[in-house]
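See below for the structure under consideration.
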DNA sequence: AGCGTCTCTGTTAACGCTAACAAAAATTGG
DNA sequence: CCAATTTTTGTTAGCGTTAACAGAGACGCT
């Protein structure tokens, strides 16, 4: 099997030039006569020649591949990010190699990065939303272009991130603006920076309004944990507004409230985060915060490419602002 | 930048052997003295040597990378499949390169495959759920190990697929067993084989029960289209049972029924497909069919690896049976 | 005409690895 | 203990590409 395709020399022979000239045509080198270029192009087409990326990577030391390290690519956020990243990379002529990882601990991340490095990827994007990932990143080889997404804001690493704080503040403010006296929060796992940021933004908004934040209820992103928190919230008559750290938590909360006969938004308002495509079809349609994953992907790729091209490893930072999407799960509190 | 790491010769020098011996240790060749092996291992560790995949790929003609061509990796099914595929591949020492593609038409697929081929991937997995993909696959080079997932059952290509027909039949039968006189169906896009299979299974179950299948209502997998179909179903008093081609469609249907005041499951029963993690928290919790994505991933990778190793390109076929998950969205019809 | 300066093309040498063969060392059998 | 084997190691030659340099024309200037 594996009938090897034609190589550059075959093209060269057919076109009556040297293989180097073929290489020049392929790489868009300027100093090639138009006529020659055409002849080479024709030969390439005739033979169905396809350049060998491995050989190129060997001699240049870099492949046209970007490695991505991510955890649970089944979650909506990571999956969207990954897809967007891949699209953007493809437009720039890069392939994306995924190294998904069960746990975001030190060892797993290092192993995934190692795998990428041994394939000589041009750069690495780490979707590293948890604390333990940060440590792993610090001891990585310094000469590899690297960008982290949703990582630790306090580390000196190039970072692109959704402005969790601003998003959470907007969500909370939206509820306060509707007239609620305070806002409860169902958070994500507290070792995720996303969660921390959202807790922060929620707290900021309350404090700015002179309110004392109630204790956040910790969830784990899943509808199941949202349901459990919702069961508690449903039994607390003073609760009129809830901000959940993502839409799936909100779904669980909605379900619990429904079971307890507490009507949304009449008795309790709910705001989520992520704007999953189904959020508009929850009962009731969910007001939520929409992060722009495309923008995040574009920003991180651009940052990575500029590192790859320039060789500088600057520790930039870029933040993408999310937008509030108002639907029917928010209403003024009943007097 | 790009301080090149140590190469095999550096390791060899440090260990006092030839680079070939290092290569043998690395590839687990049997005829190496234990003592030598240890010395080489030590040198590798000391230098932090990492083999150069590009060089290896160049000389062997195959890299340790598997290319995946997929469409919308944001959907739950494809995302789960991709994640599972990546996990399994990693265990076998393979990296996964994703070539996601906006449309599953001829050109896009060919382009994605081309990209993979020029990186000399060891094999390709095509998640090709639509008709137009099949054509592209037929004109692919025959010497590349290839497996399709959820592809065209009528094509002579190695194929792993969820048994859509059986799943749909089980769902429909479940509703009939509950006592419903017939079952309506909200389908996926009809150019997806998944949809076709599910329509088929639904129809089979009805015909087997001596019933005349009502016209299926075409959706596009989204909650939005489910909602539109749901609005129609809600106004049809004779409808007591609906099987939707996936859970998101079901969500839209549930929402429409709710809006029209038709209670689920009291007045209308609903069954979905996919068992997304949130399905248990829909209102009401959704009875659905759960495909085993891990099993699909394992089967396809195994099939691909056996092609890679043996060189035979046999057109195998493997089917993974899904399981019905009963929740609260199904009840007997009211008399 | 002679000479420097472009533009275009060819030649040669890596890149880091494995395959194939060759040589050396260790082991066995009589 | 020596020849015949077997095991272990080394040597050489690519894999297909780009980089660096060298050569050949074409052109313009003095």
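Quick note: the coordinates plus some simple rules give every number you see, no bench work behind them. Computed from a predicted structure; not experimentally measured. Neighbour counts are summed over all protein chains in view; Cβ atoms, including those assigned to glycine, are modelled from backbone coordinates with ideal geometry.
Descriptive notes on the structure:
- Label-to-label distance for residue B:318 and residue B:295 is 1.2 nm, based on points extended 7 Å past Cα in the beta-carbon direction.
- CD proxy at 222 nm, helix term only [per DSSP H run n ≥ 4: -39500 (n - 2.57); per residue of chain A; nearest 500]: -14000 deg cm²/dmol
- Shortest-first distances to equivalent copies, position residue A:28, nm, label 7 Å out along Cβ: 4.3
- Folded to 0 to 90 degrees: helix B:76-91 orientation relative to chain B principal axis, Cα: 30 degrees
- DSSP-defined antiparallel bridges as percent of all bridges, chain A, nearest 5: 10 percent
- Compactness of chain A, expressed as Rg and Dmax over alpha-carbon positions, Å: 25.4, 88
- Cα pair count fraction exceeding 25 Å, expressed as % - the range B:94-204: 33 percent
- The orientation-averaged projection of the convex hull spanning the C-alpha atoms of the range B:181-224 amounts to 3.1 square nanometres.
- Spacing of the two label points (7 Å from each Cα toward its C-beta) at residue A:32 and residue A:310, in nm: 3.0 nm
- By other beta-carbon atoms within 10 Å, ranking B:247, A:275, B:143, A:105 with the fewest at the front produces B:143, A:105, A:275, B:247.
- Cα Rg, Dmax (largest Cα-Cα span) when computed across the protein assembly as shown, Å: 27.5, 88
- As a proxy for reagent exposure, ranking A:185, A:174 by other Cβ atoms within 10 Å from fewest up yields A:174, A:185.
- C-alpha center-to-center spacing [the range B:178-230, the range A:315-333] in angstrom: 37 Å
- Helix B:164-177 and the longest principal axis of the C-alpha atoms of chain B enclose an angle of approximately 30°.
- Percent of beta bridges antiparallel (DSSP, the range B:95-250, rounded to nearest 5): 10 percent
- Taking B:235, B:120, B:203 as the candidate residues, the one with maximal mean-square fluctuation in a Gaussian network model of chain B, Cα springs under 10 Å, is B:235.
- Residue mean of other protein chain beta carbons inside 10 Å, B:81-91: 4
- The Rg/Rh ratio of the range B:1-103, with Rg taken over Cα atoms and Rh as the Kirkwood radius over Cα pairs, comes to 1.13.
- The range B:261-311: C-alpha pair distances exceeding 15 Å, %: 61 percent
- Gyration tensor (alpha-carbon) shape descriptor, the range B:125-171, a/c threshold 1.5: prolate
- Placing a label point 7 Å from the Cα of residue B:325 along the Cα-to-Cβ direction, the distances to the matching points in the other copies come to 2.3 nm, shortest first.
- Global form of the range B:189-335, assessed from the alpha-carbon gyration tensor, a/c cut-off 1.5: prolate
- Axis of helix B:106-118 versus longest Cα principal axis of chain B: the two differ by about 20°, to the nearest ten degrees.
- Here the Gaussian network model covers chain A, with springs between Cα atoms less than 10 Å apart; of A:12, A:84, A:168, A:12 fluctuates the most.
- Inter-copy separations for residue B:207, label at 7 Å along Cα-Cβ, nm, ascending: 6.8
- Oblate is the label for the range B:151-242, because a/c, from the alpha-carbon gyration tensor with a ≥ b ≥ c as root eigenvalues, is 1.5 or above and a/b does not exceed b/c.
- Most simply put, the protein assembly as shown has about 15% antiparallel DSSP beta bridges, counting only bridges with both residues inside it.
- Cα pair distances of the range A:229-271 binned at 5 Å [whole percent]: 6, 28, 43, 19, 4
- The residues B:242, A:271, when put in order of fewest to most other Cβ atoms within 10 Å, stand as B:242, A:271.
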